[in-house]
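Heads up: the structure comes next, in structure tokens.
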Amino acid sequence: MTQKKQHSVGGILYDRPFKIRRLNHFGISVEDTGASLAYYTELLGFYQADALDLQKYDPGVWLDGLSDTNIYFLRHNSDHHTFVLMPRPWVEHMDSPARGDLTINQITWQVGSLREVVEARLWLESLGNKIERYGRDPGSNWHTYFPDPTGHTNELEYGIEQVGWDGRSKPEVLWPWANEHPSLPTSSEATELAAAESDGVDLTSGYRWKDELPKTFDVGGVLLSRPFKPVRIGPVSIFVEDVAAAERFYTERLGLVKSEETTVEGHRVVFLRANTEHHSLGIFPLELRKVLGVSEHSTLLAFGIQLGSYEQLRAARTFLEEAGVKLLDLPQEIHPGIDYVIHAVDPDGHVMQLYYYMEQIGWDGQAKPAAQRRTVDPDNWPEALEPLSDTYAGETFWGPLG
């Protein structure tokens, strides 16, 4: 037998020249980016980090009739963007999706170094994978884009811009447009900023978003505009034509690990993880879309948004109901490792999966047996819960709540 070549990733040997560390950001295509912006900022609590006006960067007939021609970069933490909104007509002009129901415009995975981003591109190309584009753009992250078997665009990225205490992103003049990867090693971001400052660029002139809504809700002792705070993103749950082919791609090509497989309404479903969370990606057969009663205009079943506590999740349900947001009743089987959930529908029919708890998987790589998980009655949410062994475990939200 031919031994598979292994690659040193920071001195650790893997079957591929990169190691995904986490889901970094996610993007969708929408009909009206302005309406979606209001939904995701005012109702769900994301901040706007930047806006890219396509009338300036790519004007054309594809923008005709759009009430808002901006791409919006949104964030929930210090990363420049963790959620991206793009006008659907422009995306279809740019990327020519393989099918009309692809409204997911990117699933972005973070690796640990620029070298991994570059070597991943070369390795994927050597295996015959299509590379859609690579380089660098607003947000400063170096990246490589490529599709999965169904046509969902995946991105590997390193080095996303961090937004600090002043809430300002980099000035537009410093957006690092590049359609190629650099020779390695290359200059650090600190060197780039020092050069810009010496050239007279005002580093404090970037965009700063202000939440103008009244801050009247007590969230853990801090007054915010809504009674909850997004503290983490993921998982992404997608519909595909061939679950087995998608599973092979995400495990063999990208190195995600299978946590669990189960059945939903008689159909095989697979859950994969990037780190210690139970799953970062759920893969569902396309036939389930109609069975579950979700919108057939998209291959997205749901996108996860973790809130800071169970108390916040309960308050979010009341807040969203009072705001007139449509909430769906979806079966518990679609999110093993998560107990209490809200499924909120955005203006385009995309489902946002709000939760507070994600099962964590430890050194032995084993998911918790289903019989040991919390029993949930979706019609009865207690005021308080007993803790599980991994309640409030996993990645911690670093900054202030607001």
Check your understanding: Add -39500 (n - 2.57) for each DSSP H run of 4 or more in the chain, then divide by its residues: what number comes out at 222 nm, to the nearest 500 deg cm²/dmol?
Key -> -4500 deg cm²/dmol
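I need Val84, Val117, Val243 ordered by Cβ neighbour count within 10 Å, fewest first. It would help to have the intermediate numbers written out before the result.
Details: Val84 22, Val117 25, Val243 19.
Ordered by Cβ neighbours within 10 Å, fewest first: Val243, Val84, Val117.
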Check your understanding: Let a ≥ b ≥ c be the square roots of the eigenvalues of the Cα gyration tensor of segment 1-138; is it rounded (a/c under 1.5), or, if not, prolate (a/b larger than b/c) or oblate?
Key -> prolate
**Study point:** Trp142 long-range amide H proximity, modeled H, under 5 Å
**Key:** Tyr158
Revision key, fill the gap. With x for Gly and Pro, the residue-by-residue ³J(HN,Hα) of segment 320-329, computed from phi through the Karplus equation 6.51 cos²θ - 1.76 cosθ + 1.60 at θ = phi - 60° and given in whole Hz, is 6, 4, 5, 7, x, 6, 6, 10, 9, 9
Check your understanding: Residue-wise, which Karplus ³J(HN,Hα) couplings in Hz belong to segment 171-180, taking 6.51 cos²θ - 1.76 cosθ + 1.60, θ = phi - 60°, and x for glycine or proline?
Key -> x, 4, 4, 9, 4, x, 4, 7, 10, 7
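For the residues Met358, Met94, Met352, what sequence is obtained by ranking on other C-beta atoms within 10 Å, fewest first? Don't skip to the end; give the middle numbers.
On the way: Met358 25, Met94 14, Met352 22.
Ascending number of Cβ neighbours within 10 Å: Met94, Met352, Met358.
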Exercise for review: Specify whether the C-alpha gyration tensor of segment 222-372 places it in the rounded, prolate or oblate class, a ≥ b ≥ c being the square roots of the eigenvalues: rounded for a/c under 1.5, otherwise prolate if a/b is larger than b/c and oblate if not.
Suggested key: oblate
Point to revise | Within the chain, percent of DSSP bridges classed antiparallel, to nearest 5 | key: 75
Exercise for review: Return Phe284, Phe249 ranked ascending by Cβ neighbour count within 10 Å, so the fewest neighbours appear first.
Suggested key: Phe249, Phe284
Check your understanding: Which ³J(HN,Hα) values in Hz, rounded to whole numbers, follow from the phi angles of segment 365-378 under the Karplus curve 6.51 cos²θ - 1.76 cosθ + 1.60, where θ = phi - 60° and Gly and Pro get x?
Key -> x, 9, 6, 5, x, 4, 5, 9, 7, 5, 7, 10, 9, x
Exercise for review: Could you grab the relative contact order for the chain? Cα pairs under 8 Å, six or more apart, rounded to a whole percent.
Suggested key: 14
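Over all directions, average the projected area of the Cα convex hull of segment 284-402 and note it in nm². Walk me through the numbers before you get to the answer.
Details: hull surface 37.0 nm².
Its average projected convex-hull area is 9.2 nm².
Please give the net charge around Gly362, taking every other residue with its beta carbon less than 11 angstrom from that of Gly362, where Lys and Arg add +1 and Asp and Glu add -1.
Numbers: positive: Lys368; negative: Glu359, Asp364, Asp390.
Once all neighbours under 11 Å are counted, the net charge is -2.
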Practice item. Please find, in a Gaussian network model of the chain (springs between Cα atoms separated by less than 10 Å), the residue of Pro235, Pro285, Pro214 whose mean-square fluctuation is greatest. Key: Pro214
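Answer rounded, prolate or oblate for the chain, using the Cα gyration tensor with square roots of eigenvalues a ≥ b ≥ c: rounded when a/c is under 1.5, else prolate when a/b is larger than b/c, else oblate.
Working: a/c = 1.38, a/b = 1.10, b/c = 1.25.
Rounded shape, in that the Cα axes give a/c under 1.5.
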Revision key, fill the gap. Among Ser259, Ser187, Ser205, the residue with the largest mean-square fluctuation in a Gaussian network model of the chain built from Cα contacts under 10 Å is Ser187
Study note, to complete from the structure: Out of Asp364, Asp148, Asp50, a Gaussian network model of the chain with alpha-carbon springs under 10 Å gives the largest mean-square fluctuation to Asp364
Review point. What ranking do 31-43, 323-335, 380-392 get when scored by the average of other Cβ atoms within 10 Å per residue, highest first?
Key: 31-43, 323-335, 380-392
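Read-outs: derived from the displayed coordinates by stated rules, not from any lab. All values reported here derive from a predicted model rather than from experimental measurement. Every residue, glycine among them, receives a Cβ derived from its backbone with ideal geometry; neighbour counts consider all protein chains shown.
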